[in-house]
Amino acid sequence: MSGVLVHLPSDGRTETTPARGPVSLRLGPGDVARFGRGSASVPVDLLLADPAVSRLAGEIRVTEDHWQLSNLSTSQTYLVENPEGAGEYFRVPPRRAGAPVPFEFARVVLPARGSAVTFQVFAPDHAYLGTSGTAVSAGTGTLAGFSLDETSTYFLVLLALCEPRLRDESPVAVATTPQIVERLRHRPGCERLTARAVSSHIDYLADEKLRITTPAADATAAGAGRGVRRTGKREAVAALALRFGLVREEHLGLLPPRRAALQRTGVTQG
């Protein structure tokens, strides 16, 4: 591993401490960087000037093939987010030592008095095994767990459903049926796509392709509202597709350009 780059966009501003410029640290295997509010007796490599951050909040340790995060706080839980992973994150509880971080690009989030204090860690690309020379045993071939046709309309519906999370616009929201219809309206072959058709595609994905059931769907059988079932099914479909990487950021190119859609609704894009 060639090392990691730790980047602090700004070391923050308090009522008594002016904001400073960005800070970057490059660490190699075996290196350790401490972060926190710091003091004369508690030096840190990454200064996080917020009164809610411990003087010695944690440390980053780089190993040969990954990096680790230690939470040295006695009460605060930290988050490690994957900005490229559609809302993917994990928690590092107080006093947790050496939590391995699997993301190539990570954002560490600490609770703060104002907005959260964050810094970014860039790690080298992950290594993957090649397919040449892989032993293949005789017998029945392995079936795909989820078989999706990326040229199909149902895949476009799934992609539009998950787009808000893929673009990191919302950690929880998924597109509504009317939004999906509008989003795909200018995609060749989708000009006449209706809300009923979108709902049918989502049902097909949930029941046949992804084979999921939701508590909301079971509640409908007992007499709950259809709207609740639809919402629960859409969220369950999106959650499973994102969790297993069935739709990814590179798929967004299959959707029509967003600028035209935003201009139609009177929204300008920066």
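The values are calculated or read from the model by the stated rules, or taken from the named source; none is laboratory data. All values derive from a computational prediction rather than experimental measurement. So basically every Cβ, Gly included, is an ideal-geometry build from the backbone, and we count neighbours across all protein chains shown. Accessible surface is based on the protein model in full, side chains and every heavy atom, while ligands, DNA and RNA are left aside. Shrake-Rupley method; radii C 1.70, N 1.55, O 1.52, S 1.80 Å.
Which ones in the range 221-241 are in contact with a helix residue (DSSP H, G or I) (Cβ under 8 Å, 6 or more places away or on another chain) and modelled with pLDDT of 90 or more?
Lys233, Arg234, Ala236, Val237, Ala238, Ala241
Sub-6 Å Cβ pairs linking a first residue in the range 225-240 that is farther than 19 Å from Leu156 by Cβ to a second residue that is at pLDDT below 90 and part of a helix (DSSP H, G or I), at least 6 apart or interchain, are Val228/Ala216; Arg229/Ala216; Arg229/Ala217; Arg229/Thr220; Gly232/Ala216, ordered by first then second residue.
Restrict the check to the range 1-24 and report whether at least one residue is modelled with pLDDT of 90 or more and in contact with an Asp or Glu (Cβ under 8 Å, 6 or more places away or on another chain). Checked the range 1-24: no residue is modelled with pLDDT of 90 or more and in contact with an Asp or Glu (Cβ under 8 Å, 6 or more places away or on another chain). Checked against the criterion of being surrounded by fewer than 17 Cβ atoms within 10 Å (Cβ to Cβ), outside any helix (DSSP H, G or I) and touching a Ser or Thr at 6+ places or on another chain (Cβ under 8 Å), the range 190-201 contains not a single residue that satisfies it. Kindly establish whether Ala40 is in contact with a helix residue (DSSP H, G or I) (Cβ under 6 Å, 6 or more places away or on another chain) and modelled with pLDDT under 95. Answer is no for this residue. Residues of the range 96-120 that are buried (at least 16 other Cβ atoms within 10 Å of the Cβ), not in a loop (DSSP other than H, G, I, E, B) and not aliphatic (A, V, I, L, M): Arg107, Thr118, Phe119, Gln120.
For the range 55-95, the set of residues classified as open to solvent by less than 40 Å² (accessible area, probe 1.4 Å), hydroxyl-bearing (Ser, Thr, Tyr) and either in a loop (DSSP other than H, G, I, E, B) or in contact with a Pro (Cβ under 6 Å, 6 or more places away or on another chain) (or both) consists of Thr63, Ser73, listed by residue number.
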